[in-house]
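Have a look at the structure below, then the notes.
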Amino acid sequence: MTRRSHLAAWLLLWLLGLLAWPAWCGPERLAQRARDDVATLHRTFGPRIAVPLARLADESRRAVGRTGPEGVPSRGDRSLRGRSTLADRAVDQADRYLEALSLQVHGTVLRAATLVAWWVLLMPLALAAAFDGLAERAIKFDTFGYQNPAAFSLAGHALIACAMLPLLALVAPVSPPPWLTPTWLLAVLLPLRATLAHMQPVFTR
């Protein structure tokens, strides 16, 4: 598998999760997930950072004419609509799916913003890992050291897998624990450093 097809497979899996989970979970469960994510965000970063990020996610709902997750009616409220015909039930299911899909987008935007916030905090470590890998590569190049193509290929695929895993977390129907994102960001630095250290000269010409 080439790196391009590997990346395309992850993106396709993310797209399927984005569209399929709303049909499986429904808007009530995704609304509760959004409330849990906002509460976790407040506990982790405090209101100074959490409030702007939550407002950004709410704007993604308002862009499609929806309100925040607290405005989602429960399943019991929906049952009072009295839909009886097949067409009415089909319309109700379509409305539920669109509501759930908008909540899925809301949660994805919120988690993506949280991911960016963590990246900003851990940027010094990411830069240190990148500089360390480039320095090792420069030393090998100046001393005629062996640039291992197999190690570069393996590290490249590991980097793609580690970098794409959060895409699945962005659309997961459950709220991840607050320590998961920084742990992943620290773990992804290892294949990043190895990829840069074993990068072949052809990729820099």
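Over all other residues within a Cβ to Cβ distance under 13 Å of Ala194, the charged ones net out to +1, with Lys and Arg as +1 and Asp and Glu as -1. Remark: the Ser5-Arg43 segment gains 9.8 nm on full extension, using 0.36 nm per residue and subtracting the alpha carbon distance.
Since every read-out is calculated from the coordinates, none of them should be taken as a lab result. Bear in mind the structure is a predicted one, so any value in this text is a computation, not a measurement. All Cβ positions, glycine included, derive from the backbone under ideal geometry; neighbour counts span all protein chains shown.
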